[in-house]
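Quick notes on the structure that follows.
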Amino acid sequence: MASARAGRTPRTGRAPPPRAARAVHPHSGRTDRPMKISRIETFLAPPRWMFVRVETDEGVVGWGEPVVEGWAEPVRAAVEVLSEYLLGQDPARIEDHWQVMTKGGFYRGGPVLSSAVAGLDQALWDIKGKRHGLPVHQLLGGPVREQIRAYAWVGGDEPHAVRDAVTAQVEAGFTAVKMNGCGRMTPVATRAEVRECLLRAETAREVLGDERDFGLDFHGRVSPANARRLLPLLADYAPMFVEEPVLSDYLQALPDLVNASNIPLALGERLFTRREFLAPLQAGVAILQPDISHAGGISELRRIAALAEVYGAQLAPHCPLGPVALAASLQVAFTTPNFLIQEQSIGIHYNQGAELLDYVVDPEPFRFHGGSLLRTDRPGLGVEVDEAAVRAADERGHAWRNPVWRHEDGAFAEW
Ligand SMILES: [Mg+2]
C-alpha cells in the first residue's frame, strides 16, 4: 500500500482551496463547508490491476482504478505525485482538479499520467455521488437507458477452442462476444494465416446465428497490408466490428481500411484524450473504445462520447479491468445516447489469480440479465468495494507484464 496524507508542504504556485462558505445544506441540515481530501492510498491487486482510495475529512470515501496493464508501478508513482496537489482540496471541484492534473505539470498526455488522472477522477465522482446520495449517472444528466448490453470474451488465440467458448457464452445468456481475430501474424500473412482468421469468424457466426453478434479484435497484430486483405474476406460473416484493425500508430491507413469493406471499424483503447480521437472519427471509424481507466476517467469519457456523437459514431468502452473501472464505465453508459456495448472482464482469459467479483461486497450490480447489466440507484459509482479484500490483495501484489511475442525468425511480434 502506498499512502499520502494531508499536511505536506504545498507546492509553490498552487491555488489555495477556496474559502469555506458557511451555509446550512437545505436537505441535510449539516454545515455546508467544503469537504477536504485527507488521504489517498493505492493498492496493487491481482490479476493486473490497481485501486485508489480517496478519503475525505467527513469520512466519505471514493474509489477509482488508475492502471495501465503492465505499468501499474509508474501509474502508482504518478498518483502519488498528483496526491501532493489533491490533499487538502475540495473533492467537489472535479473539473478544476482534472484541468490542473492533466495540464498543470507542463508535460502532459500519455498512458501513465492519463491513467493516474483517470482513477482519481473516478474516485472524485464516487465521492460526489455518495455525498449527494445519487448515482453518478444522475449527476451527469440522468439515465437514457435502463440496461447496458455487454459482451463476453472468448479468447481466440487458439482457433480450435472458439466453438466451445462461444457456445458457453451463448448458454450464459450473452448476445455478443469478442475474440482475438488472429494469433501472431506475419506482416504479409500466408494464405494459411488468412484462412485461420476466417475460420474463427465462420465458427463464431455458425454458433451465434444471425441474432447475436461477435467482435473481432485484431489487437494491433495485423499490419495495414494484412488488414486491407482480411477485411473484405471477413465481411461475409458480418462481424459487429473489427477492433484495432491496425495499431493506432497507423492512423493514416484508416481511410483506406474504412473503405476496404462494410465492417464497422473500432479502436481507442490506446488513445488517451478526446483530441486523439478526432483523426479516427474524421477517417470514418464507427466505434470508439476509450478505456475509462486510461482516457482521463469519467470526465473525459463523456466528452469523447459527445465528440463521437458529432460524427454519428458509437461508444463501446474498453474495460478488461476490475469492478471500479466497470462501474464507472456503466455510469457513463447509462447517460450516453450513442452508447453501443460494454466490454467487461468477468471470465476473461487474462484474469489469472483473481476475478472482478473478488473485490466487491455485493455482486448484484454485476449480475447479467440476458447479457445485460441493469441500472441501479446506488450512490456514487454504484459499487461497494470490499476494502479488506483489496488490502489483502495489495499484500500479495502483482508484477503483471505484457507477454513478448516473437516471429519465427526471432524478430519482435505484436502481442
Ligand atoms: Mg482490444
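Evaluate the following for ALA253: is it among the aliphatic types (A, V, I, L, M), out of contact with any helix residue (DSSP H, G or I) (no Cβ under 6 Å at 6 or more places or on another chain) and outside any strand (DSSP E or B)? Answer is no for this residue.
Only one of the numbered conditions (1) within 16 Å of the ligand (Cβ to nearest atom); (2) part of a helix (DSSP H, G or I); (3) touching a Pro at 6+ places or on another chain (Cβ under 7 Å) is not met by TYR350, and that is (2).
State whether the residues of region 302-313 include one that is within 16 Å of the ligand (Cβ to nearest atom), closer than 22 Å to LEU271 by Cβ and either of a type in the set (S, T, N, Q) or surrounded by fewer than 16 Cβ atoms within 10 Å (Cβ to Cβ) (or both). No, region 302-313 contains no residue that is within 16 Å of the ligand (Cβ to nearest atom), closer than 22 Å to LEU271 by Cβ and either of a type in the set (S, T, N, Q) or surrounded by fewer than 16 Cβ atoms within 10 Å (Cβ to Cβ) (or both). From the list GLY62, GLY29, the lone residue that is assigned to a strand (DSSP E or B) and either modelled with pLDDT of 95 or more or out of contact with any strand residue (DSSP E or B) (no Cβ under 6 Å at 6 or more places or on another chain) (or both) is GLY62.
Of the helices (runs of 4 or more DSSP H) lying entirely inside region 92-142, those containing at least 1 residues that are closer than 18 Å to ALA327 by Cα, among the aromatic types (Phe, Trp, Tyr) and in contact (Cβ under 8 Å) with a residue 40 or more places away in the chain span 111-132.
Residues in region 314-341 that are within 9 Å of the chain's Cα centre (by Cα) and within 16 Å of the ligand (Cβ to nearest atom): 8 in all. Of all residues in region 277-289, those satisfying the criterion of being out of contact with any Phe, Trp or Tyr (no Cβ under 7 Å at 6 or more places or on another chain) and buried (at least 23 other Cβ atoms within 10 Å of the Cβ) are PHE277, PRO280, VAL285, GLN289.
Before we move on, is ALA266 under 15 Å from PHE218 (Cβ atoms), more than 16 Å from the ligand (Cβ to nearest atom), assigned by TED's automatic domain parsing to the domain that holds PRO290 and not in a helix (DSSP H, G or I)? No: the conditions fail for ALA266. Exactly one residue among VAL390, VAL383 is surrounded by 20 or more Cβ atoms within 10 Å (Cβ to Cβ), on the phi < 0 side of the Ramachandran plot and in a loop (DSSP other than H, G, I, E, B), and that residue is VAL383.
The residues listed here are GLU276, GLU269, GLU244; of these, the one that is at positive phi, of a type outside the set (S, T, N, Q) and under 19 Å from the mean Cα position of the chain (by Cα) is GLU244. Residues that are farther than 18 Å from GLY268 by Cβ and in a loop (DSSP other than H, G, I, E, B) were ranked within region 217-238; the one that is farthest from the ligand (Cβ to nearest atom) is ALA238. Every condition in (1) closer than 30 Å to ASP249 by Cβ; (2) in a strand (DSSP E or B); (3) in contact with a helix residue (DSSP H, G or I) (Cβ under 8 Å, 6 or more places away or on another chain); (4) not charged (D, E, K, R) is met by ALA150 except one, and the failing one is (3).
Collect the residues in region 308-324 that are under 24 Å from VAL242 (Cβ atoms) and in contact with a strand residue (DSSP E or B) (Cβ under 8 Å, 6 or more places away or on another chain), keeping them in residue-number order. Those that are under 24 Å from VAL242 (Cβ atoms) and in contact with a strand residue (DSSP E or B) (Cβ under 8 Å, 6 or more places away or on another chain): ALA308, ALA313, GLN314, LEU315, ALA316, PRO317, HIS318, CYS319, PRO320, LEU321. Across region 154-191, the qualifying residues are those that are within 16 Å of the ligand (Cβ to nearest atom) and basic (Lys, Arg), and the one among them that is surrounded by the most Cβ atoms within 10 Å (Cβ to Cβ) is LYS178.
The values are calculated or read from the model by the stated rules, or taken from the named source; none is laboratory data. This is a predicted model, so every value here is computed, not measured. Quick reminder, even Gly has a Cβ in these numbers, built from the backbone with ideal geometry, and neighbours come from all protein chains shown.
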